[in-house]
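A.B. asks: Okay, here's the structure, questions in a sec.
A short reminder: the numbers here are calculations on the coordinates, not readings from a lab. Just so it is clear, the structure is predicted and the values come from calculations on it, not from any experiment. As a convention, Cβ positions derive from the backbone with ideal geometry for all residues, glycine included, and neighbour counts pool all protein chains shown.
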Amino acid sequence: MAISKLGQLEALLFAAGDPLSLDRIASALHLSLEEADDLLSLLSKSYQEEDRGLTLRRVAGGVQAVTKKEAIGVIRDLYEKQEQKISNAAMETLAIVAYKQPVTKSEIEAIRGVKVDGVVSTLTEMELIMEVGRKEVMGRPILYGTTEKFLVTFGLESLSALPELPEELLDGAFEGQETADIGRDKESVHEEGVPSLEGTGHE
């Protein structure tokens, strides 16, 4: 027996795991963008029932089926897995990349005051940052930026959803240097804090 379009959508999101764009959903289900969006709204509404363990979230420009926070206890019991947190040094470096990208190692070091080779390598291995080009200065150092996995990990739909950060925390070390603006509208930035990176499986 064929399942409904709603059931097909649920299966699609479950199988994908990662966020799916509205275009991909519509294409896979042979629907128009409007029909796909209406179907997502219907599924999201059904997930709001108390007896459902999933919910939909819009992240990294797409839609992802995730477990509800109320189910975290049973999931933790299932995996019996000790949560691990990213180090403070890595978190500080990641924040600098997120807000100052594209940025070089030397620019990160100018802000943190310490070498960051090891931390940058770790964040690259975790696929939270990546090389995005070369700076057009002597030596053409590598420029780093955040990845789509960064958006997914922190539950952000785009970089414009980064929480506001006091300028004095990142400015000063870059005075007189040319730095890139990530192009976010500060008036539209959410006031929510950045969630922790628990459960990434890295120290």
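A.B. asks: I need the GluC sites (Glu not before Pro) found in segment 1-59, filtered to DSSP loop residues with at most 10 other beta carbons within 10 Å of theirs.
C.D. replies: Those satisfying the criteria are E49, E50.
A.B. asks: Hey, what's the Cα Rg ratio for segment 82-128 versus the globular rule of thumb, 2.2 N^0.38 Å?
C.D. replies: Its radius of gyration relative to the 2.2 N^0.38 Å reference: 1.11.
A.B. asks: Compute for segment 1-116: radius of gyration divided by Kirkwood radius, i.e. Rg/Rh, restricted to C-alpha atoms, rounded to two decimals.
C.D. replies: 1.14
A.B. asks: Just flag the trypsin sites (Lys or Arg not before Pro) in segment 1-75 sitting in loop per DSSP whose Cβ has no more than 16 other Cβ atoms within 10 Å.
C.D. replies: Answer in residue order: R52, K68.
A.B. asks: For each of L31, L6, L123, count neighbouring Cβ atoms within 10 Å of the residue's Cβ, then give the residues from fewest to most.
C.D. replies: The order, fewest Cβ neighbours first, is L6, L31, L123.
A.B. asks: OK, next. So what is the relative contact order of segment 5-79, in percent, for Cα pairs below 8 Å that sit 6 or more residues apart?
C.D. replies: Relative CO of segment 5-79 lands at 30 percent.
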